[in-house]
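Colleague: For reference, the structure I am asking about is given below.
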Amino acid sequence: MWGVIEAGSGLGALGSETADESGEAGRDRRSPRGRGKLRPPLGPPLRPAPSSLPGSRGVRELRTMEPVNVRTWVEENRAAFLPPVGNKLMHQTQLNVMFVGGPNQREDFHIEEGEEVFFQLEGDMVLRVVEDGHHRDIRIREGEMLLLPARIPHSPQRFARTVGLVVERQRLSTETDGLRYYVGESTDVLYEKWFHCEDLGKQLIPIIQAFLNSKQHRTGKPDPEEPCRDTPFPLNPRAVMAPFSFQSWLDAHRGALKQGQTCNLFGNTFETEEGESTVTVDGKTLKLSPQESLLVPAQTLFDWARAEGCIALSVAQDPARKRPYP
């Protein structure tokens, strides 16, 4: 899934100047396929976004769908980005769209079967990964973004007075997440737990506490009486991309975008836009201004029309696009 945010029914989005969120399969007014090149309105027929995942939450939010000004929302929820909470969900449906603050220095590594998008709004962070058997620190600076491929152990390290965006999808009922501790800088597993993820923030706390109370934590060595089980999927050997400035990317591709060329950040489900646009959902027209975000739920008819020169960021994660493991 290189270059594509593995996703499905819902769609999350955040732009440098405009943010729009909708379903990847829903129709907008760009091209006959509802995605890709920026073109004048073509008026394609509407069709619903695909079904949401079983057990998806956030029904109340979907009934009161309104644009959200990202900067205002961050200011209003800034207290939630401080320890001990550290994060706040903006949307929790098929896509989990959250903002995370610091300081937060972690020793655990998270492993999941979906991809994650990281975007730093304020300050820098370090994403520590185990990449093809080697530990590596990746600094994501303010204004930079990165797509983390699936099945790569990662440990976000965040600092005081920083805020970052993280987008990930909810899990399929068949998927498993892992929380793992290594012996120092080696790839020897000190301690790990595998679980079906429903609410990562809540589920991590007892696992971390169990590790802190464990023999492995006291001795710094694996416990032969608690051998690690085989991982439910192979780890991904792929190299993690270098973070890049979203604004610089926009500036470099602005000419091509104005000419109607297809320019993707990571793949053909990720597009960028700025300016103003309107989304018509079930007969209600919503105007999106710079710095605003909107979530269009699954199974919802929508039409997305954008003014000339508009540039927006659109994110979709479709678990059906997962490739079989080697």
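Nothing in this text is a laboratory measurement; each read-out follows from the coordinates by a stated rule. In this text the structure is predicted, and so the values were computed from the model without any measurement. Glycine gets a Cβ as well: all are built from the backbone with ideal geometry, and neighbour counts include every protein chain shown.
Colleague: Starting from the Cα of Glu107, move 7 Å in the Cα-to-Cβ direction to define the label point; list residues of segment 174-191 whose amide nitrogen is under 20 Å from there.
Modeller: Counting only backbone N, you get 178-191.
Colleague: Within segment 119-142, what residues put their amide N at less than 18 Å from the label point 7 Å along the Cα-to-Cβ vector of Arg161?
Modeller: 120-126, 141-142
Colleague: Still on this structure, I have one more. Got a sec? How would Asp137, Asp230 order by Cβ neighbour count within 10 Å, fewest to most?
Modeller: So the residues, fewest neighbours to most, are Asp230, Asp137.
Colleague: Based on the mean of other beta carbon atoms within 10 Å per residue, what is the order of 108-117, 232-241, most packed first?
Modeller: In descending order of packing, they fall as 108-117, 232-241.
Colleague: Report the extension gain between Thr187 and Val126 in nm, rounded to one decimal, defined as 0.36 nm multiplied by the number of residues separating them, less their alpha carbon distance.
Modeller: 20.0 nm
Colleague: Multiply the residue separation of Ser289 and Gln203 by 0.36 nm, subtract the distance between their alpha-carbon atoms, and state the gained length in nm to one decimal.
Modeller: Taking 0.36 nm per residue and subtracting the Cα distance, the gain is 27.3 nm.
Colleague: Arranged by the count of other C-beta atoms within 10 angstrom, fewest first, what order do Lys258, Lys88 take?
Modeller: Working: Lys258 12, Lys88 19.
Least to most surrounded, the residues fall as Lys258, Lys88.
Colleague: Once you have the Cα-Cα distance between His253 and Asp137, take 0.36 nm times their residue separation minus that, and quote the gain in nm to one decimal.
Modeller: 38.9 nm
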